[in-house]
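The values are calculated or read from the model by the stated rules, or taken from the named source; none is laboratory data. Note that the structure is predicted; figures quoted are calculated from it, not measured.
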Amino acid sequence: MRDHRCLAAPSRAMPSVNDDPAATARAWNRVINHLIDVLIGYNKKLQRCSRAPLFGYVLGYLGMTETQARLSLHIHMLIWAKSCPTLADIRAAIA
């Protein structure tokens, strides 16, 4: 049986927006920057590619952070990969 005491409780992993909105924004920014570094291979702090991207060569990305009704943050993100299938490829695969 695993010992999960070392894992932070979800309420402690990210500060509550009600408790400290600025701390929540800083923590969220660290999470998103790490996500971009891992998925896209771009380190925003260094302003350069840091590793091989998970999705292959990325032409661009766009993300928008929003709050839900309970004030938790989430992101919607589009990633344009060079090797992604075209619309014609997708339609042919579905047909």
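So that you can scan it fast, the table gives a plain yes or no per residue for (1) at negative phi; (2) within 15 Å of the chain's Cα centre (by Cα); (3) in a strand (DSSP E or B):
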{"residue": "53", "(1), (2), (3)": "yes, yes, no"}
{"residue": "56", "(1), (2), (3)": "no, no, no"}
{"residue": "59", "(1), (2), (3)": "yes, no, yes"}
{"residue": "62", "(1), (2), (3)": "yes, yes, yes"}
{"residue": "65", "(1), (2), (3)": "yes, yes, yes"}
{"residue": "69", "(1), (2), (3)": "yes, no, no"}
{"residue": "74", "(1), (2), (3)": "yes, yes, yes"}
{"residue": "78", "(1), (2), (3)": "yes, yes, yes"}
{"residue": "83", "(1), (2), (3)": "yes, no, no"}
- Residue among 39, 46, 35, 54 that is of a type in the set (A, V, I, L, M, F, W, C) and at pLDDT 85 or above: 35
- Message: What's the number of the only condition in (1) in a loop (DSSP other than H, G, I, E, B); (2) modelled with pLDDT of 85 or more that residue 8 fails to meet?
- Response: (2)
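For residues that are over 11 Å from the mean Cα position of the chain (by Cα) and part of a loop (DSSP other than H, G, I, E, B), tally how many sit in the stretch 32-51.
Taking the stretch 32-51 and keeping what is over 11 Å from the mean Cα position of the chain (by Cα), we get 41-51.
Now restrict to residues that are part of a loop (DSSP other than H, G, I, E, B): 41, 44-47, 50-51.
The total comes to 7.
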